[in-house]
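Here is the structure we will look at, set down as structure tokens.
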Amino acid sequence: MPQLKNAVWAIGFLACTAVANEDFFDSVEVELDNETEQDSTILSHRGYVQLIGKYGLQDPDPNFPFARDRAALDRVRTDAFIELRGEASDNVYWQLSAKAELDWLQWQQGERDWTLHREDLRLKDAYLDASFNNGLWLRAGNQVLAWGDSEGLTITDVLSPVDSREPGQAELQDLREQIPAIMVSLPSVGGKLSTVVTYQAGHNLYADSDQAFYPYIALVGSGVTLTEQAPEEEWELAVRWERQFNGGDVSLMAAEVNDNAFAVKDIQVVNATPLVTLSQERIRVAGATMNRVFGDWLLRAELAHYWDQPVELGGTLPWVTQNQWRSMAGIEYAGINDLTITYEASSIFAPEVASVSLNDTIETPQWQLGHVFRMRHTALNERFTHSLWLMALTSDDTQLARWDMSYQLSDKWTLALAAIGYRNRNPASMLYAFRTNDTLNASVKLSF
């Protein structure tokens, strides 16, 4: 299977683009809480309905069997989201949310079909919060666990999987996925110590075979069968100690988790049919984050060591495991009215290079470097937001650029427009097939 490398490209890329901080691809959110009191129970809600259209600006690579074969309208989708929050008793709260996605446009063998062809309803939050006078805080149920500060590389944010169906295009509130977990937090050593246990937390979401970023596009029509193997362990454990101080904060963490991205576990031929088995490999991570404000400047840093991280050697080879150091150093400037400028550099360092000898020796690079530049401007009492985001991936020869703006017409209505471009000049790259998947996105949102 000479194209297997292209078939499994997405694992490294999607993990890198999945991480963002609190204003990455920020969108204007309006929360109007309707509160009614019945028997001392307070109920609030928020939600939205959004219509999204995406236009493919270029012809897809004809060497791969993309469903859309020319520049044209690529997707029309309706999103609906609802969140409810209430008080079960004194110091005990609950939250429940769900999201529905309806796709109205489908491409099949170069033909466009207007039909409701995909309906997806997903439970998001579903948890109980309990706090106690001694500072103990307990959250149990389906929840998002967002750790780490890096925008361009997964470093300490190893718990929640991410929605990787459209890399570089997802909005912040839809990026991380909820997982079933129990989180316990209590004051400790001048800070706060949190322990998280998860069970069947799942993996990153990937595009379907008829969508623009299907990760195994090279295998479509090849007769290869893909199977997913359950992780060897369904539970995951993570601990974090964090402390806030004047002008900044610091945290330390350690975790044993299943990698949220798939790795190629095995390749076999069964009854003359190639069989590729995908799995989530077990990894261990220990790391730290720190940030500090100096006037108009914010300095950020993140560092972690990975044990047994899956990496790809290329060709028809399964992935191998490797120990890595992952790091990020970033700076943010907010000294100009309504303008924020951010830059960060990230790296992956492998003390021992993984390699294999066939006809030629294949090695993983010892150093991999990436960069993120972001500029965000607000105006008209923060109703208008304009931003530019440029990224060079840490683990692939791909650059991504995004320009977007949004305008809040009223407390309920928001219009948004975005252009996303991809660049890759290396035919050996895992992302080379997707270099022409540039899109122009438009949306209208009704919040309530």
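Structural remarks
- Around A301: net Lys/Arg minus Asp/Glu count, Cβ-Cβ under 11 Å: -1
- In sequence order, the stretch 405-415 has phi-based couplings of 8, 9, 9, 8, 5, 7, 5, 10, 9, 9, 10 Hz under the Karplus curve 6.51 cos²θ - 1.76 cosθ + 1.60, θ = phi - 60°, and Gly or Pro positions carry x.
- Mean shadow area of the stretch 407-448, taken as a quarter of the surface of its Cα convex hull (nm²): 3.9
- Only Cα pairs under 8 Å and 6+ residues apart enter the sum, and on that basis the relative contact order of the chain stands at 16 percent.
- The stretch 132-253: Rg to Rh, with Rh as the Kirkwood radius over Cα pairs: 1.07
- The chain: most fluctuating residue of D69, D120, D208 per GNM, C-alpha cutoff 10 Å: D120
- Its relative contact order, with pairs defined as Cα atoms under 8 Å and 6+ residues apart, puts the stretch 299-448 at 14 percent.
- For the pair the stretch 370-441 and the stretch 141-207, the centres of their Cα atoms are 22 angstrom apart.
- For the chain, the pair-distance distribution built from all alpha carbon pairs, in bins 20 Å wide starting at 0, is 23, 59, 18, 0 percent.
- The phi-based Karplus calculation (6.51 cos²θ - 1.76 cosθ + 1.60; θ = phi - 60°) puts the 3J(HN,Hα) values of the stretch 431-446 at 9, 4, 5, 10, 5, 9, 8, 5, 9, 10, 10, 9, 8, 10, 10, 10 Hz, whole numbers, x for Gly and Pro.
- Across the alpha-carbon set of the stretch 368-448, the Rg to Rh ratio works out to 1.11, Rh being the Kirkwood radius.
- Of the residues L205, L409, L102, the one that moves most in a GNM of the chain with alpha-carbon contacts below 10 Å is L409.
- Solvent-accessible surface of the chain, taken per residue with a 1.4 Å probe and all protein chains present: 47 Å².
- If the convex hull is drawn through the Cα atoms of the stretch 272-419, its volume per residue in Å³: 191
- Taking the accessible area of the chain, probe 1.4 Å, and keeping the other protein chains in place, the carbon and sulfur fraction comes to 54%.
- For the peptides 130-136, 399-405, the ranking by packing is 399-405, 130-136, with the highest mean count of neighbouring Cβ atoms within 10 Å listed first.
- Here the stretch 67-171 is described by how far its Cα atoms reach on the three principal axes: 62, 32, 15 Å, from widest to narrowest.
- CD proxy at 222 nm, helix term only [per DSSP H run n ≥ 4: -39500 (n - 2.57); per residue of the chain; nearest 500]: -500 deg cm²/dmol
- Checking the Cα-Cα distances for K124/K192; K124/K265; K124/K445; K54/K412 against a 24 Å cut-off, the pairs over it are K124/K192; K124/K265.
- Alpha-carbon gyration tensor eigenvalues x 5, square-rooted, for the stretch 196-325, Å: 37, 17, 14
The values are calculated or read from the model by the stated rules, or taken from the named source; none is laboratory data. If you're wondering where the values come from, they're calculated on a predicted model, not measured in any experiment. Backbone-built Cβ (ideal geometry, glycine too); neighbour counts: all protein chains shown. The accessibility values were calculated without ligands, DNA or RNA, using every heavy atom of the protein model including side chains. Shrake-Rupley method; radii C 1.70, N 1.55, O 1.52, S 1.80 Å.
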